[in-house]
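Structure first, then comments.
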Amino acid sequence: MANLPDYISRAIKSGPSPNIRQWRRIKNTEKLTLAEKIMLFAESYLHIPEGEHVGDNLKLAKFQEAFVYCVFDNPGVRTAIFSVARRNGKTFTIAVVAMAYLIGPLSLPNQVIASAAMSRDQAALVFRAMSQMIAMSEVLSKHLRVTPSTKRIVNISNGAEFYAMSADAKTGHGKSLKVVILDEAGQIRGETNEYVEMLATSQGSYASPLFVVISTQAPADIDYLSVLIDDATRSKDPSIVCHVYEADEALDLDDKEAWLQSNPGINDGFRSVADIQKQAAKAKRLPNAQAGFENLILNRRISMDSLWLAPAVWKANGAKPDWSVFRSNGVSVGLDLSQKNDLCCAVISAKDESNIIHVHPFSFTPRDGIDERSKRDRVPYDQWARDNQLVAVPGKTIDYDWMAQYLKVNLLDAGIEINSIEFDRWRIAEFKAACSRNGVELMEDQWHEVGQGYQSMSPRIEAMETALLQEKIRHGSHPVLNLGASSAIAVQDPSNNRKLDKKKASNKIDGVVAMVQSVYPLITNTEFELGDDVSWLVG
């Protein structure tokens, strides 16, 4: 490995060293190794179907070539692990391997190749890329039949087949697979699962199958991909090729050396340094963004469960709201009803002419037992109630009629129009009925249900972060909101969507949850910079 760049040599954890040659200068193709024939095939027949370089011949980067050399110029390799940060061409790598087996130098009659993923969306990325490459090649189009409904591609000449499979679909399950390419294995929590075991056993009928794992790292040492990498690193098994591009733990988030170690695509110009720099700056300001940056950009193992907001970012948005903005423009209401004997919040938001969003919470808790709850939660609910920062509702539970009356008096009767109510479905039927009984009459299309799962909350969290980072919020440092901001934990699902988890929070976050719901309609109608799209091209 003496002639290899440092960023490649440090990534090789197990398996043979690559013998990288200037193969493009070799005119006699018979003198090319198998790996070089695969790369020649890719450059001759595969094209970039999207983006700035659409139509150009596909060309593997040096670090990708090193992986291909290690896997395909060593016949004893049975497992190949390739871990690299996001947007470094994982989709390219998968497409080249799959196409080489389907119609390239590795194609054999009737063999089956599968690209497998945990979700349908992830599985569709590789199939889409391959389908577009085929459509752009007159030669490949004549020999390959693409069936989008089943995500299947067949070599008409010899019967070789490719399937894009997912854990949540049945397409291709039960087949005998010569090659399995497991995409984004870092999403698998725990040491294994039934889907992975099914993929492994599906290769039993082949004497020399290949199992390829391509992914960013998993968050924890006990997760499937981490176990594979650690075993390969310890055992140095020659049948396992393991390349892991990860940033050294001693390097800071904004250290360019860390970026290069985990993003080798920088050297070939298809990984944007400016984008990494932008994300690093955000990660330095937002604790939750730091966890995602370390895992997805620096390719480190790190839990996604971290404090959502940095105190400095929250404090920078602490100016008092202007009530004239509420009266002039009407409000969006975010509603978190929670338990009737706990804390319920209705947060109002309005946007002024400068696109600043003004925020104020109305928070309710039962008067009876407020002293005990203050001691239990170590939160001065009793003092907040005396300071009119929290409404102590008479009785042991929150009466929704009483709450509806309060909102009517303090909003509608005060000249503040309700434009919409963004609500969680918990007990919403009871609250709607109370509103109707107490003169809070709204059209049905003004009630907007907001799911509390990852898919619904993730764009709202991202939009809220963007507004806070740009100091577009005025929350007045209200104690109920401060409590939530200092306690909220954002958790992440395998597809990198996020939500605020009340069970993991150190204290009550109802106010912040309602705030996130409340401001979202205003943020989405504002020209904030919400970030860059992620192209399939760079995996």
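Of the residues making up segment 370-394, those that are of a type outside the set (D, E, K, R), more than 28 Å from ARG327 (Cα to Cα) and loosely packed, with under 14 Cβ neighbours inside 10 Å are GLN383, PRO394. Within segment 256-280, being within 27 Å of ILE461 (Cα to Cα) and surrounded by 15 or more Cβ atoms within 10 Å (Cβ to Cβ) holds for TRP259, SER262, ASN263, ARG271, SER272, ILE276, GLN279, ALA280.
Please verify whether PRO380 is under 20 Å from ASN507 (Cα atoms), touching a Lys or Arg at 6+ places or on another chain (Cβ under 6 Å) and not aliphatic (A, V, I, L, M), treating the condition exactly as stated. Answer is no for this residue.
Taking segment 224-250 as the search range and keeping residues that are free of Cβ contacts under 8 Å to residues at least 40 places away in the same chain and touching a helix residue (DSSP H, G or I) at 6+ places or on another chain (Cβ under 8 Å), which one is farthest from TYR101 (Cα to Cα)? Step through it out loud before you land on a result.
Here is the first cut: in segment 224-250, the ones free of Cβ contacts under 8 Å to residues at least 40 places away in the same chain are 224, 227, 230-231, 234, 248, 250.
So of that shortlist, the ones also touching a helix residue (DSSP H, G or I) at 6+ places or on another chain (Cβ under 8 Å) come out as 224, 248.
Details: TYR224: 26, ASP248: 35 Å.
Among them, the one singled out is ASP248.
Residues in segment 22-52 that are among the charged types (D, E, K, R) and part of a loop (DSSP other than H, G, I, E, B) were compared, and the one that is surrounded by the most Cβ atoms within 10 Å (Cβ to Cβ) is GLU50.
Do we find a residue being more than 22 Å from the chain's Cα centre (by Cα) and in a helix (DSSP H, G or I) anywhere in segment 445-467? Checked against the condition, which is being more than 22 Å from the chain's Cα centre (by Cα) and in a helix (DSSP H, G or I), segment 445-467 yields at least one hit. The residues in segment 311-332 that are within 23 Å of ALA488 (Cβ to Cβ) and either among the aromatic types (Phe, Trp, Tyr) or crowded, with 17+ Cβ neighbours inside 10 Å (or both) can be counted, and the count is 6.
Would you mind stating whether VAL68 is crowded, with 23+ Cβ neighbours inside 10 Å, β-branched (Val, Ile, Thr) and over 22 Å from ALA247 (Cβ atoms)? If you could, list the steps in order and put the result at the bottom.
Numbers: crowded, with 23+ Cβ neighbours inside 10 Å: yes; β-branched (Val, Ile, Thr): yes; over 22 Å from ALA247 (Cβ atoms): yes.
Spelling it out, VAL68 is indeed crowded, with 23+ Cβ neighbours inside 10 Å, β-branched (Val, Ile, Thr) and over 22 Å from ALA247 (Cβ atoms).
When segment 285-299 is examined, which residues are found to be part of a helix (DSSP H, G or I), touching a helix residue (DSSP H, G or I) at 6+ places or on another chain (Cβ under 7 Å) and modelled with pLDDT of 85 or more?
Within segment 285-299, the first condition is being part of a helix (DSSP H, G or I), and the residues that meet it are 285, 287-296.
Retained after the next criterion (residues that are touching a helix residue (DSSP H, G or I) at 6+ places or on another chain (Cβ under 7 Å)): 285, 289-290, 293.
PHE293, the sole residue that qualifies.
Each residue in segment 189-212 was checked for being loosely packed, with under 14 Cβ neighbours inside 10 Å and in contact (Cβ under 8 Å) with a residue 40 or more places away in the chain, and 1 of them qualify.
Here is a yes/no grid of residues against (1) more than 27 Å from PRO380 (Cα to Cα); (2) out of contact with any Lys or Arg (no Cβ under 8 Å at 6 or more places or on another chain); (3) in the same structural domain as GLN187 (by TED's automatic domain parsing); (4) not charged (D, E, K, R):
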position: TRP426; (1), (2), (3), (4): no, yes, no, yes
position: MET443; (1), (2), (3), (4): yes, yes, no, yes
position: PRO459; (1), (2), (3), (4): yes, yes, no, yes
position: GLN470; (1), (2), (3), (4): yes, yes, no, yes
position: SER477; (1), (2), (3), (4): no, no, no, yes
position: GLY484; (1), (2), (3), (4): no, no, no, yes
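Restricting attention to segment 409-426 and to residues that are surrounded by fewer than 19 Cβ atoms within 10 Å (Cβ to Cβ) and among the charged types (D, E, K, R), the residue that is farthest from GLN517 (Cα to Cα) turns out to be ASP413. Only one entry in LEU335, LEU307 is surrounded by fewer than 20 Cβ atoms within 10 Å (Cβ to Cβ) and touching a residue at least 60 places away in the same chain (Cβ under 8 Å), namely LEU307.
Does ILE302 qualify as being in contact (Cβ under 8 Å) with a residue 40 or more places away in the chain, surrounded by 15 or more Cβ atoms within 10 Å (Cβ to Cβ), outside any helix (DSSP H, G or I) and of a type outside the set (Lys, Arg)? Yes.
The values are calculated or read from the model by the stated rules, or taken from the named source; none is laboratory data. This is a predicted model, so every value here is computed, not measured. Here Cβ is always computed from backbone atoms with ideal geometry, including for glycine, and neighbour counts include all displayed protein chains.
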